[in-house]
Each structure stands twice: as C-alpha cells, then as structure tokens.
Amino acid sequence: MLQSIIWLLTGRCNLDCKYCYASRFRGLKELSKNECLRIVREAGMLGVDHISFTGGEPFLRDDIFDLIVEAKNFDVYVTAVTNGFTMDEEKVRKLSRLDVFVYLSVDGEKKTHEMVRGKGSWRFVEKAINLFRKFGVEFATVTALNKQNYVEVENLLKFSVDSGASYHCFIPIMPFGKASWLDVLDKKEVLKFLRILENSLEKVEATVDLWCMPFAERFVNSPNVYVDVCRGVNVMDIGVDGSILLCDVLDIILNNIKSKSLEKVWDEYKNHELVKKISNPKLDEQCLLCPARFKCLGGCYARAYSMYGDFNKPDPLCPAVNNRKV
C-alpha cells in the first residue's frame, strides 16, 4: 500500500546553498495547479497517509495552500520543508489552521549556516521560528551534515530545544547536485558525529531523527534517537515535472504521472525491477555479518550506487564497512 509521497513541487529556490542536490531540477517545467490537484485527490482516494511537500523551496509555488487544503479534505497528513525565507504571518497562520508540520533547515550555528546558505540567511530562520511559536505551528529543525557543522551537534540540539522544535533531524549531504564526494563526511567523521551525538544527548534532553543513515542504530545507543530506513515499497518520490523517481537524489526516472493515474503509476512502481532490487537487496558479505542488517539492509543505496555503480554494495558512509573489501 502506498503510504507516503515525497513530492518535489519545484526546483526554484530563493537561496543558493553550497551543497544543494535539488539545484539540478531548476528549469524543469513544473506540474500545473490542476495536475497537482488531480494527484492530491487521487492520493486521498487511494488512502495515502502522508504527503511531504519539498523542493527547492515549496512555498515559492503560489498554489501550495490549495494543494494542502485539498489534501486535508482527505485527512492526509501534510508536512513541508522550508528554508524559512518566505515565512510571514499570513502563511504561518494558514499552516497553523491547516495543521501542517514544518521542517525548517538549520545548517549549523549562525556562522556555519550562513557559510552554507548565504550571508543574512540566519535571520530568516529566527523569524520563522518566532512565527511558528507565535501561531502554534509544530516544527522540527533539520541539519544537512557537512565537514564544518558535524561537530556542532550539542549546540544545535540546544538551539532546537530552546526554539520549541519537536525534534531535530540530521541528514548527511549527498554527493549529487552541487555537492561532490569531496564535500561529504567520510566514515571517520560519521563515526565521530555519532559519538558526539550520543554524548550530547546525555547533556541535552532532545529527540533526534537520523535520515539516510540506517546503519546508525549499530553505533548509537539512545532511546531518543530514531533511525529512518527508506528501502521500503510504501513510499514514492514525485519529481518537479511529474517524473517518478527511484530516489530524489538519483537521476533515475521510472515513470511519469502526467499521463497516468496515481493508482496506475503506483502499481507499476511497486512491480518495477529496480524497486524490487532495492527493497530486497543481495547484501554484501560484510553486511551479512552485521547485527543491524535486518533493519539497515545495506544502508543508503543511492550513495552505494554513486560510489560503486551497484545498489547492492554497502553504504560507503558506514563506519563498519572496509572499503578495500567492497
């Protein structure tokens, strides 16, 4: 059953972040409002539980609230990712009234954040948080981990808690779009980050969600850390132009929803050879010996494919993997 849709509504953005993987979607022709509304209705009728609107900056689309309202008509849980730049009282009032959960990008302490997202960008984070608190919008803070900010964990958690965020998310930057492997954390840095995180949680009472690090459960022992895994067949990514993507960081297009119903696209998606391959990977020998293998399933297949050209290879960021044996 299709439970969740990750939807890149637009490739447009009002920032020019140093490590943006979605920059490659700029210039693509976006789905029209009517096309988007049709997809939302079909999602509701299919019983989809959750739609995540992302981008780019999804709030640059003038019709985003029309899409949210339509989703809510079907009792779909809606989340949205934002850099905070476009947030004003009118938008935040609507987010509150429509009960939308917001993910706000915070890529480090002020200096580090502005190094990644541009000078002056920090004030929009502060403005957005103040508005969310004023109007009762539930939100989480999200950090894209890079070689500068991964050691700022404790202060980021303190900032998140003090800001009133429900939890804080960490996701390693990916070697796609404007980022390269030279920008991505190496395995030693990932392990150091996880150690710092575990120690920080002994000092700061916070909840953490780790994205695209399914191996982390092996290295972090804390009831306040949740580890997401994305190899299931209950989530589907929709691209800016209606493309159905294997993963939103990979340029692997499986279908397009413009000329097909969501039900038809979903049926073809879950039966696609590549989807079956990533959902039931043939694990590398190193992974087969790992106690976390049943949940991790080899880690992030997009990184493995980028590094080795093989979805079944182990995640190159996993500290337990010996790359010489891959």
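Among the listed pairs K147/K188; K276/K313; K147/K178; K91/K119; K91/K127, those whose Cα-Cα separation exceeds 19 Å are K91/K119.
With R₀ set to 51 Å, the beta-carbon distance separating D88 from N271 gives a calculated FRET efficiency near 0.70.
Excluding same-chain neighbours fewer than eight residues apart, the aspartates and glutamates reachable from K29 by a Cα-Cα span under 14 Å are D241. Can you give me the C-alpha center-to-center distance between the stretch 233-261 and the stretch 73-99, rounded to a whole angstrom? Cα centroid of the stretch 233-261 versus Cα centroid of the stretch 73-99: 24 Å apart. The lysines within cross-link reach of K203, meaning a Cα-to-Cα straight distance under 18 Å and a gap of 8 or more places when in the same chain, are K158, K192.
Every read-out reported here was derived from the displayed coordinates using simple, explicitly stated rules and does not represent laboratory data. What you see is a predicted model, and the numbers here were worked out from it, not measured in a lab. Methodologically, a virtual Cβ is constructed for each residue, glycine included, from the backbone with ideal geometry; neighbour enumeration extends over all protein chains shown.
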